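Take a look at the structure set out below.
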There are 4 protein chains.
Amino acid sequence: MNSFGTHFRVSIFGESHGPQLGVVLDGVPAGLPLCEEDFLEDIARRAPGAPGTTPRKESDLPHLLSGVYEGHTTGAPLTIVFDNANTRSGDYSQFAAQPRPGHADYTANAKFDGFQDPRGGGHFSGRLTIGIVAAGVVAKKIAAAARFSARVISIGGCTEPERWPELLAAVQQEGDSLGGIVECRVEGLRPGLGEPFWDSVEALVSHAVFSIPGVRGIEFGDGFAASAMKGSEHNDTFTAEGPAKNGAGGVNGGITNGAPLVFRVAFKPTSTIRKEQLTYNFTSGRQESLCAKGRHDACFCLRCPVIVEAMAAIVTADLLLR
Amino acid sequence: MNSFGTHFRVSIFGESHGPQLGVVLDGVPAGLPLCEEDFLEDIARRAPGAPGTTPRKESDLPHLLSGVYEGHTTGAPLTIVFDNANTRSGDYSQFAAQPRPGHADYTANAKFDGFQDPRGGGHFSGRLTIGIVAAGVVAKKIAAAARFSARVISIGGCTEPERWPELLAAVQQEGDSLGGIVECRVEGLRPGLGEPFWDSVEALVSHAVFSIPGVRGIEFGDGFAASAMKGSEHNDTFTAEGPAKNGAGGVNGGITNGAPLVFRVAFKPTSTIRKEQLTYNFTSGRQESLCAKGRHDACFCLRCPVIVEAMAAIVTADLLLR
Amino acid sequence: MNSFGTHFRVSIFGESHGPQLGVVLDGVPAGLPLCEEDFLEDIARRAPGAPGTTPRKESDLPHLLSGVYEGHTTGAPLTIVFDNANTRSGDYSQFAAQPRPGHADYTANAKFDGFQDPRGGGHFSGRLTIGIVAAGVVAKKIAAAARFSARVISIGGCTEPERWPELLAAVQQEGDSLGGIVECRVEGLRPGLGEPFWDSVEALVSHAVFSIPGVRGIEFGDGFAASAMKGSEHNDTFTAEGPAKNGAGGVNGGITNGAPLVFRVAFKPTSTIRKEQLTYNFTSGRQESLCAKGRHDACFCLRCPVIVEAMAAIVTADLLLR
Amino acid sequence: MNSFGTHFRVSIFGESHGPQLGVVLDGVPAGLPLCEEDFLEDIARRAPGAPGTTPRKESDLPHLLSGVYEGHTTGAPLTIVFDNANTRSGDYSQFAAQPRPGHADYTANAKFDGFQDPRGGGHFSGRLTIGIVAAGVVAKKIAAAARFSARVISIGGCTEPERWPELLAAVQQEGDSLGGIVECRVEGLRPGLGEPFWDSVEALVSHAVFSIPGVRGIEFGDGFAASAMKGSEHNDTFTAEGPAKNGAGGVNGGITNGAPLVFRVAFKPTSTIRKEQLTYNFTSGRQESLCAKGRHDACFCLRCPVIVEAMAAIVTADLLLR
């Protein structure tokens, strides 16, 4: 099922090269001011064009099909769609026989018996995250007291931003790609959000974040480093202002403690690379060379902070509406 | 809400020191052979008693209240309860005023306005994971073609098991605790399980795993290390036998590819430690010394492999029943 | 799946002749005063013993397994179980081969491949409604501003209560049974509850009510009679006090209008009768005479008002917690 | 929340006079042949134009936005939208102050604090049922072994179709309206569909049907008449061919028994009538005369059989995919 959330529910639909894609949002309270301009800033943050991102350009103007009347949300389902204009479907035809390493070509075929839309990755495309960004804009309005900020903290293992341009230039020249890490901070959450079992804040955030294509891991607060700590090191003692060092990342027992929610997301390198790869061809029955064409990000992680923020906002809105 | 799963649904209830706790399982197919003995092996793996675990002992015999008739599941909801016998509730009274660092005392109070059951952590207690283990036993029967195996791969940052006894002895003497990492492998999953959006395999597994108290992070396949790789390094080329090196951990585009599902879970060190901690007392309005009493694991991660396995099995059963 | 509700969720489990049966309630707010005595009045209203009802007697004391601490709800899942003491399972053995007309013997077998618990109707038994009544008691506490009242308005087509004793005596002597109609009224609902689509008040109430065994129909306000009216007759004109005659039964467009919610539920006659019936025997392959033994209500509808009230309260609590 | 179904899920969105309205369908299996022509027959059955229906005309061509590729479903979410072309929004402005009797004007305002889209009934409009009809077309393809047939069996209390034209002509002349009853039959359902509790076939069908605007009641098999029967009259004895007379309407214990599913739905008369009604004006604070303008069905029930069929198909598809 392609919906997420119990009180603020996001249903996503569309394909990379279909006529339109978008989201339906349920549970949006009536009376929020909302117009198409509200979406432009976050959409621009996701847009390609910067060094290390794909040259595919979309105008990406949101169309509000339902749920908005005279500049305010009505309380009815809110539908936002985007046109797919700048598509070049011919690039993708060969991947049915010879699935791209690291991509969903093989598993999509296994799941949908060959009926999936292969153009541009179809329903599996990162293109669908534009709907997530749009949902995030509405979610941020619902969670107006919270402040969401995500940024890339590492590329290809390098945490010094001044070195990233050269790293990106090098892999682009090689026809290769790089992964990265995004850190997200949410401030202004009141204590008491989340559930002790199943719907802990971490469970909901990780569920949402692992829907972003290419995520390999997530950690909260001290994260994996906590596994190497002693209790006396990792424990946050309380002060009058709250947790002393926020090693728990804002959550105890699955429930917000009033400190900032902090988590990091590991993104793999872009799967589709120009560099030659030897991989299995199901038609010929042997490994063959593959040089993927098409337009792709050398480091799609660069476009992901606003998507991670959107996921955090979607979860926060859902928790606040409970 | 305290349920998880859409086709195999686990509802959990109970408190650490209440009369009974357990689970209700919905969606169990009729006709599976099931008796109380089937639970004993996994329950024993979770039991304390080994070095580094709490001396609290429970007989932990499952009672099958419903859904089983003449040694087979009936297809109706299956209810499994356990008695709480060996409780010493007096140990927990002080934590209302002075919440334990790292524990849910503070957030539970914020969420439930002081009405939560504080005895032994109440509904937040790791004790509830016995219901998860029981659910896992049933889930493994549903997912009979899959093999689940989890083990501790690191304690306190040390990956050499022969050194763990001395590490544990040392922190126990200090009244401190250690974290650790559990790795889980699931073999025998057919390609095609999972959904492209929202209900990817990773999303469902992480949602379930973050319901285990004390989890700080999760990663699949190459995990966080993938963020430092190039595409040509991380990508799995296909061979006739499947993915060459399984850097994706068995999942592409959210969907199983037939290779083993591999993931790692970071556990924090046990929060409750005997060692003195300075923390805020909400009654006195100042930081005060706290030496937690009660019986606790020096490294509760040691008891968690079977719980992580259970969560993997719960998700797998849910996916297989779709 | 055996759960109902999104914000106040009732999960039901158990069989007529198993060791225990009950409910798990999710979403109960913390801090409601609740003890076992609170259940006795409604449980007594469901109890058999009156003319026209089964002589089976149960002590029917609720056991609160979780979610209550020191006389108040904790906010964690609330589990209520009842013992099954007075069972005579031998009565039911023949119905596997020769299913009782009107009963679930045949369909349970089709669904669960013969693995269902046949004793006393197993999970299909009206016995399970005791859990519903218990859930209703908690729901009424959540919906404290509303008043729920249901009563039998017709038995065997007769709407004159003073004639019911003779009707009941007559069918009992014949070894036959009677149906009836229950009317339920809910006062004190504020305007604005319910959703325009899918989760209209009528949709939710009817969903819940059709889970009571033996329901054949439901209607709101003018109900089926509205289909024979003109708009000018059926329409409620508004006055300063609200709808003039409440032909809509308290709901317009799926949403409460502040007038009392009024609905009627049609119950079939008890299926199991002593009177001889000719019906198919799947073992012998021919129609054969069947005289059902066991203890049964001549008119189980007499015990249903409190169950219908409970369902109305469950839906109301769910709507109020949204 | 504006979704229905667990395995075949219908999410509905849009307003009567917004740019577009439609549905998103989740859980559609991959590989079903589907094109826009497949929708035309059922859409034409819902279309106005016959005696007793509104003169508003829409071209009502479905646009398939996602989930279909090269004439087959892909397994991804399937989105179908319709344009709203022939709108005259000016007709509706007065109903904010003086809500139409029987209509959702008052309750929509109570729920959405005045932010609802009032044009043509907004999200509450019967116009939205075109999305239901479209969902029904897909559902019927999923439930290909079943045959769905619904028809009007009564108008204004009259069950003789040859008299309906004169009845309709009369109320139209008076500026009044009529209700009616639709009977639906589903043949070809295998035994064993449905759940004993909460998700009985009747519960799911009634939940869906009460989402159609203007429904006042539903009954299965003998329905309300069963409440006036003896057990020996209502009980279906089994024959070698199945239930003898199908008084249960194809369902025992909530589960299909292989006989046709039969149910009847009571529709109220159209609320909006030209005839003068005295009703409360919230601006003036007194009852005032109201003569509704706009284009409306004298008996909208005439357009509803295909909608009822669609709801039956939606539920059947959901049950079959479990």
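The values are calculated or read from the model by the stated rules, or taken from the named source; none is laboratory data. If you're wondering where the values come from, they're calculated on a predicted model, not measured in any experiment. Please note: Cβ atoms are built from the backbone with ideal geometry, for glycine as well, and neighbour counts cover all protein chains shown.
When the stretch A:214-231 is filtered for residues that are under 17 Å from the mean Cα position of the chain (by Cα), outside any strand (DSSP E or B) and facing chain B (nearest Cβ under 7 Å), nothing remains. Among the residues of this structure, residue B:316 counts as one that is of a type in the set (Ser, Thr, Tyr) and farther than 23 Å from residue A:251 by Cα. Of the residues C:73, C:129, the single one that is modelled with pLDDT of 95 or more, more than 17 Å from residue C:15 (Cβ to Cβ) and touching a Lys or Arg at 6+ places or on another chain (Cβ under 9 Å) is C:73. Applying the condition of being at the interface with another protein chain (Cβ under 7 Å from one of its Cβ atoms) and among the small types (Gly, Ala, Ser) to the stretch B:203-213 and asking which residue is nearest to the chain's Cα centre (by Cα) yields B:211.
Picking from residues in the stretch D:1-22 that are assigned to a loop (DSSP other than H, G, I, E, B) and free of Cβ contacts under 8 Å to residues at least 60 places away in the same chain, the one that is surrounded by the most Cβ atoms within 10 Å (Cβ to Cβ) is D:2. Return the residues of the stretch B:254-291 that are in a loop (DSSP other than H, G, I, E, B) and in contact with a Pro (Cβ under 6 Å, 6 or more places away or on another chain); say none if nothing qualifies. Matches in the stretch B:254-291: B:254, B:257, B:258, B:259. The lone criterion from (1) acidic (Asp, Glu); (2) part of a strand (DSSP E or B); (3) in contact with a Cys (Cβ under 7 Å, 6 or more places away or on another chain) left unmet by residue C:309 is number (2). Is at least one residue of the stretch C:193-202 free of Cβ contacts under 8 Å to residues at least 24 places away in the same chain and at the interface with another protein chain (Cβ under 8 Å from one of its Cβ atoms)? Scanning the stretch C:193-202, I find at least one residue that is free of Cβ contacts under 8 Å to residues at least 24 places away in the same chain and at the interface with another protein chain (Cβ under 8 Å from one of its Cβ atoms), so the answer is yes. In the stretch B:162-178, the qualifying residues are those that are of a type in the set (D, E, K, R) and touching a residue at least 60 places away in the same chain (Cβ under 8 Å), and the one that is surrounded by the most Cβ atoms within 10 Å (Cβ to Cβ) is B:176. Quick one: in the stretch C:267-322, which of the residues that are more than 30 Å from residue C:26 (Cα to Cα) and hydrophobic (A, V, I, L, M, F, W, C) is farthest from the chain's Cα centre (by Cα)? That would be C:282.
Counting only residues that are more than 21 Å from residue C:262 (Cα to Cα) and either of a type in the set (Gly, Ala, Ser) or touching a helix residue (DSSP H, G or I) at 6+ places or on another chain (Cβ under 7 Å) (or both), the stretch C:136-185 holds 7 of them.
In the stretch D:162-191, what residues are aliphatic (A, V, I, L, M), within 21 Å of residue D:49 (Cβ to Cβ) and in contact with a Pro (Cβ under 9 Å, 6 or more places away or on another chain)? Of everything in the stretch D:162-191, those that are aliphatic (A, V, I, L, M), within 21 Å of residue D:49 (Cβ to Cβ) and in contact with a Pro (Cβ under 9 Å, 6 or more places away or on another chain) turn out to be D:168, D:169, D:171, D:178, D:182. Looking only at residues of the stretch B:103-125 that are polar (S, T, N, Q) and under 20 Å from residue B:273 (Cβ atoms), we find that the one that is nearest to the other protein chains (Cβ to nearest Cβ) is B:107. Residue by residue through the stretch D:187-213, note down the ones that are outside any loop (DSSP other than H, G, I, E, B) and either farther than 30 Å from residue B:7 by Cα or not hydroxyl-bearing (Ser, Thr, Tyr) (or both). Across the stretch D:187-213, the qualifying residues are D:187, D:201, D:202, D:203, D:204, D:205, D:207, D:208, D:209. Can you tell me which residue is nearest to the other protein chains (Cβ to nearest Cβ) among those in the stretch A:232-259 that are closer than 21 Å to residue B:287 by Cβ and in contact (Cβ under 8 Å) with a residue 24 or more places away in the chain? Here the answer is A:257. Here residue D:305 clears all of (1) over 30 Å from residue C:280 (Cα atoms); (2) touching a strand residue (DSSP E or B) at 6+ places or on another chain (Cβ under 8 Å); (3) surrounded by 23 or more Cβ atoms within 10 Å (Cβ to Cβ) except the condition numbered (3). Among all residues of the stretch A:50-62, there is at least one that is within 27 Å of residue D:17 (Cβ to Cβ), at pLDDT 95 or above and in contact with a helix residue (DSSP H, G or I) (Cβ under 9 Å, 6 or more places away or on another chain). In the stretch A:240-252, is there at least one residue being touching a Leu at 6+ places or on another chain (Cβ under 8 Å) and either within 30 Å of residue A:177 (Cβ to Cβ) or outside any loop (DSSP other than H, G, I, E, B) (or both)? Within the stretch A:240-252, one or more residues are touching a Leu at 6+ places or on another chain (Cβ under 8 Å) and either within 30 Å of residue A:177 (Cβ to Cβ) or outside any loop (DSSP other than H, G, I, E, B) (or both).
Does the stretch D:284-300 include one or more residues that are surrounded by 24 or more Cβ atoms within 10 Å (Cβ to Cβ) and closer than 16 Å to residue D:151 by Cα? Among the residues of the stretch D:284-300, at least one is surrounded by 24 or more Cβ atoms within 10 Å (Cβ to Cβ) and closer than 16 Å to residue D:151 by Cα, which makes the answer yes. The selection criterion, being without any contact (Cβ under 8 Å) to a residue 12 or more places away in the chain, more than 14 Å from chain B (Cβ to nearest Cβ) and within 26 Å of residue B:12 (Cα to Cα), does not hold for residue C:41. Just to be sure I understand the filter: pairs with C-beta atoms under 6 Å, separated by 6 or more residues or on different chains, first member in the stretch C:23-38 and within 19 Å of residue C:129 (Cβ to Cβ), second member aromatic (Phe, Trp, Tyr). Which pairs pass? Once the first residue is within 19 Å of residue C:129 (Cβ to Cβ) and sits in the stretch C:23-38, its partners that are aromatic (Phe, Trp, Tyr) give C:24/B:13.
Would you say residue B:307 is in contact (Cβ under 8 Å) with a residue 40 or more places away in the chain, under 30 Å from residue B:49 (Cβ atoms) and not acidic (Asp, Glu)? In short, yes. For the stretch B:179-190, the set of residues classified as crowded, with 18+ Cβ neighbours inside 10 Å and in contact with a Gly (Cβ under 8 Å, 6 or more places away or on another chain) consists of B:179, B:180, B:186, B:189, listed by residue number. Looking across the stretch D:1-30, the residues that are at the interface with another protein chain (Cβ under 7 Å from one of its Cβ atoms) and among the aliphatic types (A, V, I, L, M) come down to D:1, D:12, D:21, D:24, D:30.
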